[in-house]
Amino acid sequence: MALIVQKYGGTSVGNTDRIKNVARRVAEYRARGDKLVVVVSAMSGVTDGLIKLAKDITHLPSEREMDMLLATGEQQTIALAAIALHAAGIPAVSLTGAQAGIVTDGVHTKAKIQNISPSQVHELLDEGNVVIVAGFQGRTAEGEITTLGRGGSDLTAIALAAALKADLCQIYTDVDGVYTADPRIAPSARKLDEIAYDELLELAGAGAKVMQLRSVEFAKKFGVIFEVRSSLNDNPGTIVKEETRNMEDVVIRGVSLDKNQAKLTVFGVPDQPGMAAGIFRHLGDAAINVDMIVQSASHSGGSPATDISFTVDKPDLAKARKVLDDIRPTIGFLDVQADEGIGKVSIVGVGMRSHTGVAGRMFEVLGKEKINIDMISTSEIKISVVIQLAHGEQAVRALHQAFLG
Ligand code: ADP
Ligand code: ASP
Ligand code: MG
C-alpha cells in the first residue's frame, strides 16, 4: 500500500466534468489500496479573475488582503473535489492549507513554507479518507492566511510529499509532461522522459511555467522525485530527479520564454561606491526579485553617472517604481523608465558544462532571425537573453529548431 500525493492544476479542475474526472482517477488508485492526498489548484481563470477584481479597485492592493482573496479560489475546488468523491462513494475530507498544517513566513503573496505539521492529514488518512488539500496557501504562526506565489500549488504538493514521506508524487497538468519547449509555442517540441532538477530549475526560472520555480527548488533540496503528467490521458509523464551521468550527453535540454518580466532603467545614477547597493537593497527589502542587471559605462558631463537597467517580475513593476520614487531624493538619480514589452529567451542544459561555443551559436541563430539582443546573462547551464517581446515566440522556434530540431 503506497502513500501517493497527487496535484491537479487549474485546467485539470477547470469545470465540474474535469473535477469528476479527477475523482475517477483518485478512485482507481484508491481501489488498488493506496492512500491518497490530493492537492488542487483554483479552477483555471479563477485566480486571474480575483486579481482583476482587486486591480479594478486599485493598482496597489494590500498584499494581506490579496492573500485573503486569492485563497478563496482553492477553497472552492477542495470542496467540489470532496463532493465529487462523495458522489462516487469515496470518503474524502477537504482541508485548507492551514488545516493541513502548512506554516509559512509572513511575506504575503509569496510566503515561504517554514514547516508542515500534518497530524490532521495523517489522522484522516488513517481513518480511510482521501485527503484533499487546498494548494497555494498556508498560514503564519500567528494565524494569518498567506499564499505561496503564482503556481504555488506545485509547492504545496512537493512539500507535502516530503513532509509525509510519500512513496510517489504526481503533478497532473494539461500537457503530457515537461517538453523541450512550451508546446503551445513550438509545435515540434518533444516530451522529455526525464529531466534533472537543475535543468527544470533553470527552465522554470526562465519562464517555463510547467512547474513553479520554488517547488523544484524544494524538491531538489529534499530529494523528492516526482512525475509531471497529464490528467487528460494515461501516457507516462516526465520524471524529475537528480542528474545522472548520461544527461550531459545532451547539450540543450530545453528552450523557454519568459513573458512576465519588465525592464526598468534608472538614468543618471551617481557613479560612486554604494549607489547600486542602495537601489537593490531597497528593492530586496520590498521582496522584489531582480533578475538581470546591466550597468552602462560611466558617462560624464558634470559629475560621472551611469545608467542601470534591470528586470523584475511584471506584477512587481508598480511596487518597484514606488520604491525607486521613494529613494530618488537620497540616491539622486535623474529618471526611471519602464519597458513592459520585453521577453527573456533561455536555453538550458547540463551538457553546456562540457560543450563550448553554445552562446556563440545562440547569438548567431538570433542574428540570422534579425532579432536584437538587449541584455545577456549566463549560468553554468543556462544562457538567457532579453529581446523585444514581439520576437519572443519566433526566437523560441528558431532556437528549438537549431538546437533540438
Ligand atoms: P497547471 O494549471 O496544471 O499548473 P500550468 O498552466 O501552470 O498548469 O502549466 C502547464 C503549461 O505550461 C502547459 O500548458 C504549457 O503551455 C506550459 N509550458 C511552458 N513550458 C513548458 C514546457 N517546457 N513543457 C511543458 N509545458 C510547458
Ligand atoms: N491558483 C494559483 C495560481 O493560479 C496557484 C496554482 O494554480 O498553482 O497561481
Ligand atoms: Mg501551474
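Structure data summary
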{"item": "Helix 16-31 axis, angle to the chain major axis (alpha carbon atoms, nearest 10°)", "result": "60 degrees"}
{"item": "Degrees separating the helix 275-285 axis from the principal Cα axis of the chain, which is the longest one", "result": "20 degrees"}
{"item": "Where only alpha carbons of segment 62-150 are counted, the Rg and the Dmax (Å)", "result": "13.5, 42"}
{"item": "Segment 130-266: Cα Rg divided by the 2.2 N^0.38 Å rule of thumb", "result": "1.11"}
{"item": "Span per principal axis, largest first, for the Cα atoms of segment 104-201 (Å)", "result": "48, 34, 22"}
{"item": "Segment 144-217, accessible surface, carbon-and-sulfur percent (1.4 angstrom probe)", "result": "49 percent"}
{"item": "log10 of Debye I(q)/I(0), alpha-carbon scatterers only, for segment 82-132 at 0.24, 0.32 Å⁻¹", "result": "-0.85, -1.14"}
{"item": "Nearest-ten-degree value, helix 213-222 long axis tilted from longest Cα axis of the chain", "result": "60 degrees"}
{"item": "Cα-centred dipole magnitude for segment 29-162, charges only on beta-carbon of K, R (+1) and D, E (-1), debye, nearest 20", "result": "280 debye"}
{"item": "Alpha carbon Rg of segment 1-126, scaled by the compact-globule rule 2.2 N^0.38 Å", "result": "1.15"}
{"item": "Carbon/sulfur fraction of accessible area - segment 16-121, other protein chains in place, 1.4 Å, %", "result": "55 percent"}
{"item": "Percent RCO, i.e. relative contact order, over the chain, from Cα pairs under 8 Å lying at least 6 residues apart", "result": "14 percent"}
{"item": "Rounded if a/c under 1.5, otherwise prolate or oblate - the chain, Cα gyration tensor axes", "result": "oblate"}
{"item": "Calculated [θ] (222 nm, deg cm²/dmol) that DSSP helices of n ≥ 4 give over the chain, each run adding -39,500 (n - 2.57)", "result": "-11000 deg cm²/dmol"}
{"item": "Accessible area in square angstrom per residue, segment 280-405, 1.4 angstrom probe", "result": "49 Å²"}
{"item": "Per-bin percent of Cα-Cα distances, segment 285-374 [5 Å]", "result": "2, 9, 16, 17, 17, 14, 11, 9, 5, 1"}
{"item": "Quotient of Cα Rg and 2.2 N^0.38 Å for segment 1-52, N being how many residues it contains", "result": "1.30"}
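The values are calculated or read from the model by the stated rules, or taken from the named source; none is laboratory data. Source: prediction; values computed, not measured. Glycine gets a Cβ as well: all are built from the backbone with ideal geometry, and neighbour counts include every protein chain shown. Ligands, DNA and RNA are excluded from the accessible area calculation, which covers all protein heavy atoms including side chains. Shrake-Rupley method; radii C 1.70, N 1.55, O 1.52, S 1.80 Å.
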